[in-house]
Amino acid sequence: MAHRMKPLYVLVLTALLPLSSAAQEVAEFRSLPASDVVVADLMFAKRGVVVFADSANDPNFVRQMELIARDPKALAERDVVVITDTDPAAKTALRQKLRPRGFSLVLLDKDWQPELRKPLPWDVREISHAIDKFPLRRQEMNERPAAAGG
């Protein structure tokens with residue numbers, strides 16, 4: 001039971017992060033290690049941006065995390081949770097499902113199916129633009145009231 005509570009706690013915490021960042025001028029960026037992710041807890045609630053590498057010292061991984069940290073608000077607005085996996089030996093469920101080779105950026109929609117894979121780092125503008133083309137995101141944008149700002 002205690003093992004299931006941690007992912008639930010993480011889910012609640014990530015759900016509240018956009019609220020806390022609105023109150024702060026500078027939002028603090030956080031990512032989740034793939035070993036802590038329970039996909040069933042996130043499905044249809046969050047989109048995944050998964051950053052894979054064979055080491056946390058991979059220059060592409062370091063660059064990708066720097067790029068994401070520059071604008072976490074844009075990702076929070078799109079219900080994104082950033083997940084990192086830099087240990088191929090751990091064989092996490094996401095690594096086994098998505099089968100990355102070296103550095104890989106994988107964008108998942110809320111159904112947790114891979115929508116896009118990139119072999120090089122992308123900035124938040126590029127990630128956001130790609131997410132805005134996802135079917136579920138387009139549906140969300142169409143259903144949002146015009147008074148909410150688009």
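Things to note:
- Spatially proximal aspartates and glutamates relative to K91 (Cα-Cα < 13 Å; intrachain offsets below 8 disregarded): D36, D54
- In order through the stretch 72-79: 3J(HN,Hα) via Karplus (6.51 cos²θ - 1.76 cosθ + 1.60), integer Hz, x for Gly, Pro: x, 4, 4, 6, 4, 4, 9, 6
- Length released on extending from D111 to A69, taking residue separation times 0.36 nm less the Cα-Cα span: 12.7 nm
- Kirkwood estimate for the stretch 52-108, i.e. one over the average of 1/r between Cα atoms, Å: 12.1
- Cα shape, the stretch 69-150, gyration tensor, a/c 1.5 rule: prolate
- Shown here for the stretch 67-150: GluC sites (Glu not before Pro) in loop regions (DSSP other than H, G, I, E, B) with at most 16 other Cβ atoms within 10 Å, namely E77.
- Straight-line cross-link partners of K133 among the lysines, defined as a Cα under 17 Å from its Cα and at least 8 positions apart when in the same chain: K46, K110, K118.
Every read-out reported here was derived from the displayed coordinates using simple, explicitly stated rules and does not represent laboratory data. Please read all numbers here as calculations on a predicted model, not as lab measurements. All Cβ positions, glycine included, derive from the backbone under ideal geometry; neighbour counts span all protein chains shown.
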